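Working notes, structure below.
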Amino acid sequence: MQDKKVLFVDDSPTMRRIMVNSLKKIGFTDLVEAENGEDALEKIDGDVGLILADWNMPEMNGKEMVEELKANDQYKDIPIIMVTTRGTKDDVVTAVKIGVNGYIVKPFTPETLKSKIKKVLNK
Amino acid sequence: MTHSGGYMDNSTNFDSVIEKIEEMRDFLKIGDEIVPFLTELFTFMKDVMPIMKEANHSLQDGSQKLPTASDRIRDVDQTTEMATHEIMDKLGIISDKLDNLAEDLDDSKTEVIEDIKEEANSIIFSLQFQDITAQKLEHADRILNAIRKKFRKLSDRIAKVQIDTEIGKKIMQEITEDEPDEARKKEMDEINKETEDVIREGNIDQDDIDKLFD
């Protein structure tokens, strides 16, 4: 599981630092950071095996980014976990509809992050 | 036939006169009703005009204050982010030092070190509050901007109102008059005092303060 290249997308530098710290603790070493959906689409490559993405971001938000990725044959099967402050039922339903594989509401614990990643990658 | 016709003519004239009188009576009746109505309308205008004038002034004062509130929100966001990153840096340093320390300790002590590192890590996780708060502040900023846009639009509309009648011109002149009266000046002073920015970071350093006490 830890050999996967992880792309995490968040406009908050604080959240990106927290993610680096957490993902390294889980054991991931190949990490790519992106500031928003547009940046993520530029940085993604065929080696990425997991995407963690915020929803509310400038330029291109997480939902738009997921829709772009799911419409792309090369990237449509990469598992995506949404990590966001948006926690209404409607948001989660929307995420499921567009093809998101996991959903974490901020603030979250390291255990939640680890278990969701494990669940998504083992599917 | 002539007689009869003459009768008919007289009857028509009579009817016509009656009709005119009725019309005049109706007009007078309307006049009787319209005078109190107009009096009431003017009294209403007289009462409403100061309120409209105040609303227009509040619109202008509010528009001036909103950018400052927006800037303050952005300041808070930046300051909190900086402080959060400083805490993270320090926690990183503590973690590294604990790793170095653990190399020279036996297993029982290493366990304690790991516990402390775990605590440090949980502090880092708690710092997610910064991102959550930032998003809430950003939302508040968007609301303020939307209100400011609305205020500006209303202000522009008031300025562009084309009035063709004398009375209309006078009303608009009264509402949009810029020269503040005493009551408004007092009100503006109170608002300015209530919303005064008392945080002036970096304007004076501690050495300069200390010198004042020497």
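Computed from the coordinates by the stated procedures, all read-outs in this text should not be read as laboratory data. Note that the coordinates shown come from a computational prediction; the quantities given were computed from them, not determined experimentally. Virtual Cβ from ideal backbone geometry, glycine too; neighbours counted across all protein chains shown.
Computed values, structure above
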{"item": "Cα pair distances exceeding 19 angstrom across the stretch B:41-92, given as percent", "result": "60"}
{"item": "Dipole axis of the protein assembly as shown (+1 Lys, Arg; -1 Asp, Glu on Cβ), positive-most option in A:Gly99, B:Gln64, B:Ser155", "result": "A:Gly99"}
{"item": "Ellipticity estimate at 222 nm from DSSP helix runs (n ≥ 4, -39,500 (n - 2.57)) divided over chain A, nearest 500", "result": "-13000 deg cm²/dmol"}
{"item": "Lys, Arg +1 and Asp, Glu -1 on Cβ, resulting dipole of the stretch A:1-44 about Cα centre, debye, nearest 20", "result": "360"}
{"item": "Rounded if a/c under 1.5, otherwise prolate or oblate - the stretch A:14-123, Cα gyration tensor axes", "result": "rounded"}
{"item": "Prolate/oblate/rounded call for the protein assembly as shown, Cα gyration tensor, a/c under 1.5 rounded", "result": "oblate"}
{"item": "Neighbouring partner chain Cβ atoms per residue of B:84-94, average, 10 Å criterion", "result": "2"}
{"item": "By average C-beta atoms within 10 angstrom, highest first, the peptides A:57-69, A:34-46", "result": "A:57-69, A:34-46"}
{"item": "Cα-centred dipole magnitude for the protein assembly as shown, charges only on beta-carbon of K, R (+1) and D, E (-1), debye, nearest 20", "result": "1320"}
